[in-house]
Each structure stands twice: as structure tokens, then as C-alpha cells.
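The structure appears right after this line, and notes come after that.
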Amino acid sequence: GNCGGYGSRRYRWEGMGEDSQLIIMGVKDIHFVADPTADEPTELICGSPPFIMEFRTCSGVSFEGISMHAKAGNKHSVIPLDFSYVDSISLSRCKLYDCNLGINASECSGIEISETEISNCEDNGVLFSWCDNISLSDCNFNNCGWADGNFLNCENVTYNNTPLENGTYTFSNIA
């Protein structure tokens with residue numbers, strides 16, 4: 001099966017079974033929030049597709065307290081979060097690890113990432129292309145292959161209130 005069917009005009013599944021990925025399209029104000037009373041952390045575990053969740057032409061997408069990582073053995077093919085043409089993205093108190101790339105975003109606006117750990121990524125912790133108004137604060141990036149962050153043709157990017165230019169960054173070197 002393909003996780004319950006094709007989907008609808010707002011979401012669809014691509015792939016089959018364990019190789020499925022969820023694509024969400026044209027949705028406004030969607031929130032993924034961990035249960036603070038749970039004994040175990042709220043986890044989204046990537047199988048073997050390149051993305052666990054892909055958002056297209058959405059607005060108001062937020063994650064709070066969620067842990068996302070690759071299934072054992074799939075580290076090099078997984079990108080937990082992918083955003084295209086999304087306005088207003090927020091990640092707070094999340095953990096993304098053991099992936100190829102933590103977050104990929106293209107042509108998005110209004111991205112806020114705070115108190116989030118991104119670690120053990122084969123390539124970049126985050127890769128943003130043609131995005132604007134990006135704010136990263138109190139994040140912990142470690143052991144990312146090429147760079148903690150890569151910003152291509154982006155505008156108004158800050159890390160702990162320090163303005164960043166287009167390019168590749170290792171945030172531990174930024175005051």
C-alpha cells in the first residue's frame with residue numbers, strides 16, 4: 001500500500017510503503033507540536049525516501065519540540081524537511097540529526113529557527129536558496145559535513161542577530 005491512498009488536493013503520498021514521502025500543498029497554518037507530558041520524545045523517523053515531509057505553496061508551517069532523524073542505515077539519503085514557496089516557517093526546540101541535510105528551503109520567506117539542534121548531517125545543516133527574512137537564534141549546529149548553513153541568493157539573514165551575507169557558514173565561528 002501507499003500509506004492509505006493517493007491523498008487529496010492538499011496532500012499526497014509519493015512512493016510506496018516504507019519508501020513513501022508526504023507532500024503537503026497549499027495549506028495554511030499547520031502546526032506539529034510535541035506532547036510535553038509524554039515519557040518519550042515525539043519523533044518523526046525518515047525511511048529511505050529523500051524527504052520525510054515536503055511543503056509546497058504553504059504558509060504558517062511550524063514545528064515545536066519534534067525530533068527528526070534518519071532510520072538506521074539511511075543517513076545519506078534523507079532530508080527531513082523540504083520547503084518550496086512557503087511563507088512563515090517556524091522551528092522551535094526541535095532536533096534534526098543523522099541525515100544528509102537537515103532543512104532544505106527554496107523561494108521561501110519568513111523563516112525562524114530557534115533553540116534547535118541540527119547535527120550529524122552529511123552535507124549542510126540547512127540549505128536555503130532564494131529565501132528572505134531568515135532568523136536563526138540559539139541553535140546548536142555540530143558535525144555537519146560541508147557547512148552548518150548555506151545561503152544562496154538570500155536576503156535579510158541573521159544568526160543570533162548577526163547579519164549574514166550569501167554564502168557558506170560554520171556558525172561556531174560567528175560571535
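The values are calculated or read from the model by the stated rules, or taken from the named source; none is laboratory data. A quick note: this is a predicted structure, and the numbers were derived from the prediction, not measured. Glycine also receives a Cβ, built like all others from the backbone with ideal geometry; neighbour counts cover every protein chain displayed. Just so you know, the surface numbers come from the protein's heavy atoms only, side chains and all, with ligands and any DNA or RNA stripped out. Shrake-Rupley method; radii C 1.70, N 1.55, O 1.52, S 1.80 Å.
At full extension, GLU165 and GLU115 could sit 15.8 nm farther apart than now, given 0.36 nm per residue minus the alpha carbon distance.
For region 48-157, the solvent-accessible area works out to 37 Å² per residue, with a probe of 1.4 Å and every protein chain left in place. Note on region 63-175: dipole from Cβ charges, positive end direction compared against TYR169, THR158, CYS108; the farthest Cα belongs to TYR169.
Simple spin-label estimate for SER129 and HIS31 gives 3.2 nm between the two label positions (7 Å along the Cα-to-Cβ direction from each Cα).
Here the simple spin-label model places points 7 Å from the Cα toward Cβ, and for TRP146 and GLU107 these points are separated by 2.1 nm. These residues, ASP98, ASP148, go from largest to smallest accessible area, 1.4 Å probe, as ASP98, ASP148. For region 73-146, dividing the convex hull volume of the Cα atoms by the residue count gives 72 Å³ per residue.
Which FRET efficiency, nearest 0.05, do ASN153 and THR57 yield, Cβ-Cβ r, R0 30 Å?
On the way: r = 20 Å, r/R0 = 0.65.
Using R0 = 30 Å, I get an efficiency of 0.95.
Could you work out the relative contact order of region 81-157? I mean the mean sequence separation of Cα pairs under 8 Å and 6+ apart, divided by the number of residues, in percent. Once normalised by length, the contact order is 29 percent. Computed with every protein chain present, the accessible area of SER172 is close to 90 Å² [probe 1.4 Å]. Put simply, the amide H of GLU117, placed in the peptide plane, has neighbours under 5 Å in CYS94, LYS95, LEU96, ASN140, leaving out anything fewer than 5 places away on its chain.
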